[in-house]
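One structure is given below, encoded as C-alpha cells.
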Amino acid sequence: MDFIAGEILYFNKPYGWTSFDLVNKFRYRLSQALKVKKIKVGHAGTLDPLATGVMILCTGKATKRIDEFQGQTKEYVATLKLGETTPSFDLEKAVNAVYPTAHITRETVEQALQSFTGTIRQIPPVFSACKVEGKRAYELARKGEEVELKAKTLVIDEIELLEYALPVVKIRVVCSKGTYIRALARDIGIALQSGAHLIALERTRIGGVTLDRCLSVDDMEAFLNKQV
C-alpha cells in the first residue's frame with residue numbers, strides 16, 4: 001500500500017473515542033511505521049464519542065475524496081429509551097425530564113417511525129459540531145450559553161423497528177448526509193407524545209462499506225506491520 005500517494009481504510013470506531021482520537025492514533029502509528037514526521041490523514045463522517053461503527057479514513061492524496069464519502073448514504077442501528085430526555089439527546093448528559101410511556105404500543109411506535117421517512121426538516125442538537133458564528137455549537141452549549149440552530153433538510157430513506165421492549169426500542173435508519181440520529185430520537189419521542197434519548201448507536205454502513213469490512217483498533221498494529 002502507498003499511504004503517501006493515498007489509501008482508503010475502514011475502521012470500526014470504538015465506544016468512547018472521538019473521531020479525531022481514531023485519526024490521531026492511526027496517523028501516529030502510520031508515521032512510526034513509515035518513519036516519517038508528517039502524513040496527511042482525514043476522516044469522512046464524524047461519529048459521536050458514545051457511538052461505534054464504520055469510519056472511513058483517507059491518507060495522502062486520497063483525502064481529496066473525503067467529501068465524496070461524506071455525501072454517501074449511511075445506515076445506523078440505534079437504541080432509544082422512551083419516556084426520558086437528556087440535554088444532549090444521548091447518555092453524555094444526565095436525564096433532565098421524565099414522561100409517560102403507558103400509552104405507547106408497538107403499533108404507535110411503527111406509525112411514528114414511518115412519519116419520518118422521506119424528505120424532512122431537522123433541527124440539529126445543540127451539543128453538536130454545527131457552527132454558530134464561527135464557533136462549534138457544543139462549545140457554546142457546554143459553557144451554558146443559549147444556542148439556536150436552524151432546521152436542515154435531509155432524507156430518511158428507510159426506518160425500521162427492529163426490537164420493541166418498552167421503554168427501550170431498537171431501530172434501523174438509512175439516511176442522507178447531515179442526519180443526526182440523536183435529534184431523530186428526540187423527534188420520535190415528541191411524535192409519541194413522550195420523550196426519548198439514545199442509549200446506543202452503531203453506524204453499520206457508509207455507501208457500500210459495511211462493518212464486516214472494517215478493521216478494529218486492536219488490528220491496527222498488525223495491519224500496518226504487514227503493509228509497510
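For the chain, a Gaussian network of Cα nodes joined below 10 Å ranks 171, 39, 123 by mean-square fluctuation, and the top entry is 39. Per-residue ellipticity at 222 nm computed for the chain from its helices equals -7000 deg cm²/dmol, with DSSP H segments shorter than 4 residues left out and the rest contributing -39,500 (n - 2.57). Working from label points 7 Å from Cα in the Cα-to-Cβ sense, the residue 146 to residue 73 distance is 4.1 nm. The ranking of 98, 174 by Cβ neighbour count inside 10 Å, starting from the fewest, reads 98, 174. Seen through its C-alpha gyration tensor, with square-root eigenvalues sorted a ≥ b ≥ c, region 74-206 comes out oblate because a/c lies at 1.5 or above while a/b is not bigger than b/c.
Take the Cα coordinates of region 1-98, assign each an equal point scatterer, and use the Debye formula without solvent to give log10 I(q)/I(0) at q = 0.16, 0.17, 0.19 Å⁻¹. After summing over all Cα pairs, the log10 values are -0.74, -0.80, -0.92.
Restricting region 120-228 to trypsin sites (Lys or Arg not before Pro) that sit in a DSSP loop and have at most 12 other Cβ atoms within 10 Å of their own Cβ leaves 143, 150. Among the lysines of region 55-199, pairs at least eight places apart or on separate chains and with Cα atoms under 20 Å apart come to 17.
Other residues with beta-carbon under 9 Å from the beta-carbon of residue 86 carry, at +1 per Lys or Arg and -1 per Asp or Glu, a net charge of -2. Spin-label model, residue 97/residue 5: points 7 Å from Cα along the beta carbon direction are separated by 5.6 nm.
Modelled spin labels at residue 165 and residue 123, positioned 7 Å past Cα toward Cβ, are 3.3 nm from each other.
Rounded to the nearest 20 debye, the dipole size of the chain about its Cα centre is 1000 debye, using +1 on the Cβ of Lys and Arg and -1 on the Cβ of Asp and Glu.
Look at 43, 197, 103 and count the other Cβ atoms within 10 Å of each Cβ; fewest to most, that gives 103, 43, 197. Paramagnetic label reach from residue 218 (point 7 Å along Cα→Cβ; backbone nitrogen cut-off under 16 Å): within region 43-73, residues 53. Computed over region 1-46, the convex hull of the alpha-carbon atoms projects to a mean area of 3.4 nm². Applying the criteria of a DSSP loop state and at most 15 other Cβ atoms within 10 Å to the GluC sites (Glu not before Pro) of region 125-228 yields 133, 145, 146, 148. The loop-placed trypsin sites (Lys or Arg not before Pro) in region 11-113, going by DSSP, that have at most 15 neighbouring Cβ atoms within 10 Å of their Cβ come out as 35, 37, 38, 40, 93. What's the local net charge at residue 14, with K and R +1, D and E -1, over the other residues with C-beta under 14 Å away? Spelling it out: positives minus negatives among the neighbours equals -2.
Any idea what log10 I(q)/I(0) is at q = 0.10 Å⁻¹ for the chain, Debye with uniform C-alpha scatterers and no solvent? Debye intensities relative to I(0), on a log10 scale: -0.50.
Each value in this text was obtained by applying a stated rule to the coordinates, not by laboratory testing. The structure presented is a predicted model; accordingly, all values stated were derived computationally and were not measured. Note: ideal-geometry Cβ built from the backbone for every residue, glycine included; neighbour counts use all protein chains shown.
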